[in-house]
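In what follows, a single structure is set out as structure tokens and then discussed.
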Amino acid sequence: MVNPFTLTLQASDALGIQNAYLFLLLAFTTGPVFLLLGFLRDPTMLFSLKRAKNAAFSGMWKHISGPIDERYARFKAPLLKEASGVVLDLGSGLGPNLKYFDASKITRLILVEPNPGMHEGLRASARKAGFAKDQFEIVPCGAEERAKVEELTGLGKGSVDCVVSVLALCGIPDSRHVIAALYEYIKPGGRFIYFEHVASKDSATRKQQEFMTPYWRSLFNGCCLNRPTDQFILECYPWSEKQTYTCDFETQKCLDVKSYGWARKPRTTGSTTGRDTTGLSYADVVKES
Ligand SMILES: C[S@@+](CC[C@H](N)C(=O)[O-])C[C@H]1O[C@@H](n2cnc3c(N)ncnc32)[C@H](O)[C@@H]1O
């Protein structure tokens, strides 16, 4: 069967229409169907809005994940193959990115994914990507639930070699606090690798993102089009090196313009005074959470 989301991407490219508009329309029309399918599979969802939303999103994401992955594969592959050691992958979804990792370089893969509807697919993707059963683990809670993440994984300051976030920080509540915690988890010399859609630097496009975000967020599991995640990562903290890129076929006029790259934590510890664009320091962000 032809995937409607693949067709949507092809149609938007051919017609020169922003794919965000067509995705919004498609999600609006198919969302209730995925919700209904979720209820039919498990009628007790009627009593939990959160579970119903999770089921609807994982049902829809099974169709979207593949086409999105294919579109950005050539940008993600070289980026993610650099991950090594203890790796924390944020919002792993169905695990389309795990195949880009070099499993032989990763000693422990921590997959933070709160939606149980993703877990079966995620486990299958990890095995398919060459990860042994005892090499990876799924952490079934939100990344913002820091105490729970630490209890389940034993993670603490300076315990992770590499944090990876692909299209995840756009939908995580209070993502700045999560980034602050992630920075702490990274070992000196470790890396933060990201591939995210971000707030546009074009003011007219940014206004459209602001307008569309409430609708987008309700259909795509809290995802915000207007979040400057790249700035939150790159400008908030003291990194010793950073590289940032955009996809060659996207401009700042694109409503879901991507930014991707990596940043390395200084090898010497104790440097925690970076300031972000709003003037908040690392310590302030942590204090707030
Ligand atoms: C847009 S999907 C991206 C999935 C995957 N990274 C990919 O590239 O296909 C965002 C994922 O983040 C997960 N997510 C949502 N809230 C989260 C949270 N608070 N903490 C961690 N992950 C979260 C969602 O369940 C979903 O699987």
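Data overview
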| read-out | value |
| --- | --- |
| Label-point separation in nm, LYS201 to LEU40, each point 7 Å along Cα→Cβ | 4.8 |
| Proximal lysines to LYS81, defined as alpha-carbon separation beneath 25 angstrom and excluding residues fewer than eight positions away on the same chain | LYS62, LYS99, LYS105, LYS128, LYS133, LYS157, LYS187, LYS242, LYS258, LYS265 |
| Förster radius 41 Å - calculated FRET efficiency between ARG217 and GLU151, Cβ distance, rounded to 0.05 | 0.90 |
| Using θ = phi - 60° and Karplus 6.51 cos²θ - 1.76 cosθ + 1.60, couplings along segment 131-148 (whole Hz; Gly, Pro as x) | 8, 6, 3, 8, 9, 10, 9, 9, 9, x, 9, x, 5, 6, 7, 4, 4, 5 |
| Peptides 32-41, 206-215 ordered by average Cβ neighbours within 10 Å, highest first | 206-215, 32-41 |
| Bridge type composition, the chain - antiparallel percent by DSSP, nearest 5 | 40 |
| Note, ³J(HN,Hα) from phi for segment 35-52, Karplus 6.51, -1.76, 1.60, rounded to Hz, x at Gly and Pro | 5, 4, 4, x, 5, 5, 6, 8, x, 5, 4, 4, 9, 9, 4, 4, 5, 5 |
| Karplus-derived 3J(HN,Hα), 6.51/-1.76/1.60, for each residue of segment 62-74, Hz, glycine and proline x | 4, 8, 8, 3, x, x, 5, 4, 4, 4, 10, 4, 5 |
| Residues with amide H under 5 Å from that of PHE136, placed H, sequence gap 5 or more | LEU109 |
| Sites ARG74 and ARG267, calculated FRET efficiency, Cβ-Cβ separation with R0 25 Å, nearest 0.05 | 0.20 |
| Computed label-point distance, nm, for sites LYS128 and PHE249 using a 7 Å Cα→Cβ extension | 2.2 |
| Simple label model, 7 Å out from Cα along Cβ direction - VAL2 to SER84, nm | 4.5 |
| Length-normalised contact order of segment 72-288 in % [C-alpha pairs under 8 Å, at least 6 apart] | 18 |
| Residues TYR72, TYR237 arranged by fewest to most Cβ contacts within 10 Å | TYR72, TYR237 |
| Ascending count of other beta-carbon atoms within 10 Å, so fewest first, for SER203, SER240 | SER203, SER240 |
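No value in this document is a laboratory result; all are computed from the given coordinates. Worth saying up front: this structure is predicted, and the values here are computed from it rather than measured. A quick note on method: Cβ atoms are made from the backbone with ideal geometry, for glycine too, and the neighbour counts reach across all protein chains shown.
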